[in-house]
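Asks: There's a structure below that I have some questions on.
The values are calculated or read from the model by the stated rules, or taken from the named source; none is laboratory data. Just so it is clear, the model here is predicted, and its values are computed rather than measured. Positions of Cβ are generated from backbone atoms using ideal geometry, with glycine treated the same way; all protein chains shown enter the neighbour counts.
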Amino acid sequence: MELVRKHPMFSPLLFCSHIHYEKNQPFPHNGLLAVGSSGQLLCNPRLRAEPEQWARAAAHGLLHLGMRHFQDKPHPLEWNMACDCVVEKFLTDLRFGKPANDFPLPPGINGEEQLYRSLLEMKEQDRAHYSGFGTAGPGAADMIDTERPRYYHYRTPEWEKVFAEGLSEAVRRAVNVASGVSDSLFDTAVDDRQSESERVRQWFMSSYPLLGAIAASFAIINDPLVCQRMNISIAAISPALAEIYINPAAKLNLEERRFVMAHEFLHAALRHDARQEWRDGYLWNIACDFAINQWLTEMSVGERPEGLLYDEQFKAMNAEAIYDRIVTDIRTYRKLATLRGIGLGDILPGQGSVSADVDLDAFYRRALSQGLVYHQEQARGYLPEGLIEEIRALGHPPIPWDVELARWFEEQFTPIEKIRSYARPSRRQSAAPDIPRPNWAISKASLDGRTFGVILDTSGSMDRSLLATALGAVASYSASRDVPAARIVFCDAEAYDQGYMKPEDIAGRVKVRGRGGTELQPAIELLKGADDFPEDAPILVITDGYIEERLVFYGREHAYLLPEGAALPFVAKGKVFRFR
């Protein structure tokens, strides 16, 4: 029984069962052991056997309980034979213990139900090849119905769940052996050497495939002096160095530690350090924390520690959308604390890579994408749609700003259908020079109202080279979409109407006026009140973001073109493009 207890797969089952070897118990007289439906192992005290044979018999009986073999069948003897064969094949593949006989296992043992149906169709002489693998002796059933004794002070365990716990523990220890953490599957001392954080990481590797590969690649730093020096109150992560820091002084329980480590792993896996781009670092960290904590709470991964950032108003929003929301109230959100502390982000900057042969972005992207596939295939738990979308989005590179701007122009200006006309000089074929041919032409009526407004921020903070880049892009896309002219308005403290300009004139011969402070609303009012500017024409605003905190477009379609690193002081309803 000590051999059974030391094995991580059978130890939970043995703990919940009861061993009996008294002479007044209903033990099998010609076999080593029978198992009762209430969890009793009824051992024969009159037989002698090697310890490995007793261990094999005890494990055989425990597997009957864990595999839910106690079922009402019309032919119980054939069902017991089928279950015995399946259990013995399992133990043979596991190489556990020593069988009481040397009978070779017959072929075709795939499952209890399938083998049971096959046995019912077999002839008696063929069925004999599948008998003799039980532990109760020749011709006897080793599964018997028993009542729960009165002195049992607990309810009957859910044997399948107990067996699943043992199986999970065996997998965890096998991972320890493969990774060099322990020397043997039966080395229980390794649990004493491992920290709680290490055991949580092993749980991710063995039981949570979404983050298993990410968890395996990170080194865990539990040194309180290191955390004190780096001002880490609870936890932090360095995606570049592949290190996660857990402060032991935080006194997290197992479930809280699981939540915190999953939080940090998602920071790295979703590339929150690289996706910051132009945004404020601390506010971006706060936005990412809100998104991650919302997902982990929905996924029921561990238990969220008290005080972590969580707000129902950000439900179903990604980090970028949350950031746009919280920048409207910077004073409030700068007072909030991450897992590292107030004013300190738990995403630590740094440079490095997981391997010299693998790009950091490629590694995290591939690990998370494969983890998503394994998680869904094995049905390991609920995943929010927002998290799934972010994981899939990591596999696609971001669209360049000029391509996004071109798509915006395509949405606003549909292609013009050209017609054939004899009104313009036409080309003549050399084979028939006397026959005039119609040429392709654009109807002037289709160009009516085909225009848009450009409000150009000409304040002193706007760089001239950035203005040239933006105007060049606007000019090229206007020409490509057959826009004959655009209405240009310069604006700083006042609005300066330049009137309609052809695309080729926008990029080359525009003279910027103004250079004072910035108020763009007068320019919007100017276009709104212009009789020659269509009511459905869109407006493109080119600015550096240092503008008033509210703009009203009166329901008109609009978009913003900002330099990289710039931000608007409000949540934009129109599309935002950032050029380099």
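Asks: Among the listed residues E306, E298, E256, E277, identify the single one that is farther than 19 Å from I347 by Cβ and assigned to a loop (DSSP other than H, G, I, E, B).
Replies: Result: E306 is the single residue among E306, E298, E256, E277 that is farther than 19 Å from I347 by Cβ and assigned to a loop (DSSP other than H, G, I, E, B).
Asks: Follow-up. Name the residue, out of V190, V171, that is at pLDDT 80 or above and not in a strand (DSSP E or B).
Replies: V171
Asks: Residues that are buried (at least 21 other Cβ atoms within 10 Å of the Cβ): find the strands (runs of 3 or more DSSP E) completely inside the range 519-580 holding 3 or more of those.
Replies: Fully inside the range 519-580 and qualifying: 539-542, 558-563.
Asks: Criterion first (among the hydrophobic types (A, V, I, L, M, F, W, C), modelled with pLDDT of 85 or more and in contact with a strand residue (DSSP E or B) (Cβ under 6 Å, 6 or more places away or on another chain)) does L551 satisfy it?
Replies: no
Asks: So which residues in the range 367-383 are within 11 Å of the chain's Cα centre (by Cα) and of a type in the set (D, E, K, R), if there are any at all?
Replies: Correct list: empty.
Asks: Just the residues that are among the charged types (D, E, K, R) and either surrounded by fewer than 18 Cβ atoms within 10 Å (Cβ to Cβ) or more than 24 Å from E196 (Cα to Cα) (or both), please, taken from the range 305-342.
Replies: Result: E306, D311, E312, K315, E320, D324, R325, D329, R331, R334, K335.
Asks: Kindly list, by first and then second residue, each pair from a residue in the range 364-380 that is closer than 26 Å to D273 by Cβ to a residue that is outside any helix (DSSP H, G or I) and among the polar types (S, T, N, Q), limited to pairs with Cβ atoms under 8 Å and residues at least 6 apart or on different chains.
Replies: A367/S217
Asks: Continuing with this model, one more query. For the condition more than 24 Å from the chain's Cα centre (by Cα) and assigned by TED's automatic domain parsing to the domain that holds D273, what is the one hit in P209, P239, P224?
Replies: Result: P224 is the single residue among P209, P239, P224 that is more than 24 Å from the chain's Cα centre (by Cα) and assigned by TED's automatic domain parsing to the domain that holds D273.
Asks: How many residues does the range 343-357 contain that are exposed (fewer than 14 other Cβ atoms within 10 Å of the Cβ) and at pLDDT below 80?
Replies: Count: 6.
Asks: What number of residues within the range 528-574 satisfy the criterion of being touching a helix residue (DSSP H, G or I) at 6+ places or on another chain (Cβ under 6 Å) and charged (D, E, K, R)?
Replies: Residues in the range 528-574 being touching a helix residue (DSSP H, G or I) at 6+ places or on another chain (Cβ under 6 Å) and charged (D, E, K, R): 0 in total.
Asks: Please verify whether the range 379-392 includes one or more residues that are acidic (D, E), within 30 Å of P534 (Cβ to Cβ) and modelled with pLDDT of 75 or more.
Replies: No, the range 379-392 contains no residue that is acidic (D, E), within 30 Å of P534 (Cβ to Cβ) and modelled with pLDDT of 75 or more.
Asks: May I ask you to say which residue of A34, A100 is part of a strand (DSSP E or B) and of a type in the set (G, A, S)?
Replies: Testing whether each residue is part of a strand (DSSP E or B) and of a type in the set (G, A, S) leaves just A34.
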